[in-house]
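Read through the structure below, which is laid out as structure tokens, and then see the notes.
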Amino acid sequence: MAEYIKPLPKPLPETMFTAGFWDACRRHELVIQRCKACGKYRHYPQLMCPQCYSMEWEWSKVSGKGKVYTYVVTHRPFNPGWANEVPYASVTVELDEGVRMVSNVIDVKPEDVEIGTPVEVEFVDVTEEVTLPMFKKAR
Amino acid sequence: MTLKDKCCIVGIGNTAYTRGTDKTTMQLHLEAALKALADAGLKPSDVDAVIPNAVAGTIAEDFILNLGIRDLHMTSTMHNGGAAIGSAVQSACMAVATGIASCALLVAGRRGYSAQRASKGVTGSPLPVMNTAHEFEAPFGHGNVPMWFGSACRRHMHLYGTKSEHLGRIAVTCRKHANLNPQALMYSKPMTLDDHQNSPIIVDPFHLLDASLETDGAGALVIVSAERARDLPKTPVYVMGIAEGHPPCPTSITQKEDMADMEGLRLAKPRAFGMAEVDLKDFDFAEIYDGYSWITAASLEALGFCGKGEVGPFVESVSLEIGGNLPINTHGGLLSEAHVSGVNHFIEAVRQLRREVEPARQVKDCEIGLVTSAGDFHEGVVAILRR
């Protein structure tokens with residue numbers, strides 16, 4: 001396997017509570033942080049529920065379905081990891097549960113990405129240790 | 001108590017704006033600081049408050065050391081990216097108006113070309129506010145500024161029909177003004193709307209000419225009380241009103257309720273306008289933060305110059321040039337003068353209000369100007385200055 005030179009998600013010492021998200025990806029499960037007190041989903045992960053101030057939360061498995069909310073197509077590689085892949089699209093997906101996440105759509109050409117396209121999660125094992133939640137067109 | 005008219009910007013100074021330097025960021029900051037103090041008719045020994053800029057990475061201790069400051073009363077480092085210089089003005093005025101300090105030095109700018117070059121993915125020491133985006137977005141090739149604002153711009157285009165040409169009109173306006181400004185990086189480089197449209201796409205929807213200029217340089221401001229300002233040599237420029245806006249979801253643009261809105265400015269505007277007791281019609285010019293052309297476009301909406309989503313038709317019908325209805329970025333802005341973290345917007349506003357710029361660039365008889373700063377994920381500061 002060629003050396004993987006793109007940036008990898010690295011939870012920092014102060015934000016280690018995000019690790020559960022990536023651990024679930026490794027198991028090919030998409031989980032989103034959910035408040036145990038009021039049930040509100042939240043992403044990206046944070047310590048306290050901004051709605052009810054509870055610090056009790058759990059990782060909740062979600063459908064992995066959503067729609068493209070917005071996107072950009074990068075033509076000029078800002079990171080050497082994508083030097084041979086431009087132009088490429090990065091999308092913001094709004095999950096059916098209401099939160100958004102940035103990702104890539106693996107089976108749509110950059111010029112064909114559109115806001116509103118229904119997508120579903122597709123896990124990609126990019127290294128032996130790291131799996132990224134990407135998306136494909138919903139069937 | 002109100003801050004209205006309590007403090008004045010009495011000194012401004014900047015280094016040359018270059019693409020390439022053999023100076024360190026701190027050298028640039030000290031050079032700008034000495035110029036601003038000389039402009040104010042003050043000495044380094046007068047300074048008792050220093051407000052450094054987190055993006056630049058400089059620290060108050062290095063100013064104490066180099067300027068030989070014997071008794072610094074106050075320092076506070078601003079962490080809201082491009083909005084930091086606006087926040088620095090507010091904090092300086094708070095410190096001076098309350099007597100905590102008597103003479104505040106504010107410095108911003110960096111080696112944006114020689115060291116922290118954004119287009120090469122080099123942004124200097126990682127800023128804590130970017131941790132979330134770096135963890136959750138950079139792995140998907142979405143870890144740089146144009147991708148974040150490009151996503152917001154795409155929403156704007158989707159919701160309201162805004163077009164690249166509309167952004168181009170703002171970029172061209174900035175360029176025309178830079179062509180009148182000998183210290184602008186783009187002074188001798190005219191640009192048409194066709195040039196904008198034909199420039200390479202960097203991150204669709206942005207062309208290269210939608211992006212601000214990677215610049216080596218720094219600028220500084222000196223703020224004292226209005227009372228003291230009247231004894232200094234230059235025409236004092238009063239801070240009539242100022243307010244910061246720190247909207248929700250500050251660590252990523254992705255989760256914002258409305259990412260296509262410059263919410264920080266929208267929050268700050270009524271407080272700043274209320275303090276200054278002014279309305280939109282009172283401004284002779286506006287220096288509006290322009291890290292990307294779209295930021296300026298969305299700022300015009302957030303400030304109320306046009307309705308939400310209406311900036312496209314607005315820029316088609318209203319002249320933003322000097323001599324027009326609402327001259328913006330009369331120096332060329334970050335798009336065409338230099339990107340020194342927005343301190344040049346304040347410097348230009350002061351020069352305009354002192355009526356000391358080149359005649360072709362001077363907004364005639366100007367009395368009141370608007371300045372905005374914007375940074376990170378839609379943080380914003382609104383400042384209103386008068387002579």
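The values are calculated or read from the model by the stated rules, or taken from the named source; none is laboratory data. The structure presented is a predicted model; accordingly, all values stated were derived computationally and were not measured. Here Cβ is always computed from backbone atoms with ideal geometry, including for glycine, and neighbour counts include all displayed protein chains. These accessible areas exclude ligands, DNA and RNA; they are computed on the full protein's heavy atoms, side chains included. Shrake-Rupley method; radii C 1.70, N 1.55, O 1.52, S 1.80 Å.
Quick notes on this one:
- Counting only alpha carbon atoms, the long axis of helix B:164-178 and the longest principal axis of chain B meet at about 30°.
- Using the rule -39500 (n - 2.57) for each DSSP H run of four or more residues, divided by the residues of the protein assembly as shown, the 222 nm mean residue ellipticity is -8000 deg cm²/dmol.
- Rounded to the nearest whole Hz, the Karplus-based 3J(HN,Hα) values (6.51 cos²θ - 1.76 cosθ + 1.60, θ = phi - 60°) of the range B:300-316 follow the sequence 4, 6, 5, 7, x, 5, 8, x, 4, x, 9, 5, x, x, 4, 6, 6, with x at glycine and proline.
- Farthest toward positive dipole pole in the range B:30-187 [+1 Lys/Arg, -1 Asp/Glu at C-beta], among B:SER164, B:TRP148, B:PRO44: B:SER164
- Per residue solvent-accessible surface (Å²) - the protein assembly as shown, probe of 1.4 Å: 39
- Charge dipole magnitude, Cβ of K and R +1, D and E -1 - the protein assembly as shown, Cα centre, debye nearest 20: 400
- Between B:VAL318 and B:ASP62, the modelled labels are 4.0 nm apart [label points 7 Å from Cα along Cα→Cβ].
- Near the amide H of B:MET78, within less than 5 Å, lie the amide hydrogens of B:ALA54, all on another chain or at least 5 residues away, with H placed in the peptide plane.
- Accessible surface, 1.4 Å probe, highest first, among residues B:ARG70, B:ARG154: B:ARG70, B:ARG154
- Model label sites at A:ARG27 and A:ALA138, defined 7 Å from Cα along the beta-carbon direction, differ in position by 2.5 nm.
- In this simple spin-label model, placing a label point 7 Å from the Cα along the Cα-to-Cβ direction at both B:ALA115 and B:GLU277 gives a separation of 4.5 nm.
- Average partner coverage of B:142-151, which counts Cβ from other chains inside 10 Å: 6
- Remark: mean inter-chain Cβ contacts per residue of B:252-263 equal 3, using a 10 Å Cβ-Cβ cutoff to other protein chain atoms.
- Averaged over B:73-80, number of beta-carbon atoms from partner chains that fall within 10 Å: 0
- By the beta carbon rule, with partners counted only under 4.7 Å, chain A holds these lone Cys residues: A:CYS25.
- Size check on chain A: the Cα extents along the three principal axes, sorted descending, read 46, 33, 25 Å.
- Sites listed here are GluC sites (Glu not before Pro) in the range B:248-343 whose DSSP assignment is loop and whose Cβ has at most 11 other Cβ atoms within 10 Å: B:GLU257.
- For the range A:20-25, the Karplus equation 6.51 cos²θ - 1.76 cosθ + 1.60, evaluated at θ = phi - 60°, returns couplings of x, 5, 6, 4, 5, 4 Hz by residue, with Gly and Pro reported as x.
- Buried accessible area, chains A and B (both chains, 1.4 Å probe, Å² to nearest 100): 3100
- For the range B:236-309, the spread of Cα positions along each principal axis, largest first, Å: 41, 22, 21
- Exposure ranking of A:TRP59, A:TRP82 by accessible area [1.4 Å probe, largest first]: A:TRP59, A:TRP82
- Extent along the principal axes, Cα only, for the protein assembly as shown: 72, 51, 45 Å, with the longest axis given first.
- Shape of the range B:248-351, Cα gyration tensor, a/c cut at 1.5: rounded
- When the pairs B:LYS43/B:LYS269; B:LYS308/B:LYS364; B:LYS269/B:LYS308 are compared against a 24 Å limit on Cα-Cα distance, B:LYS43/B:LYS269; B:LYS308/B:LYS364 fall above it.
- Those trypsin sites (Lys or Arg not before Pro) in the range B:219-277 that DSSP places in a loop and that have at most 12 other beta carbons within 10 Å: B:ARG230
- Rounded percent of accessible protein surface that carbon and sulfur make up, the protein assembly as shown, 1.4 Å probe: 51
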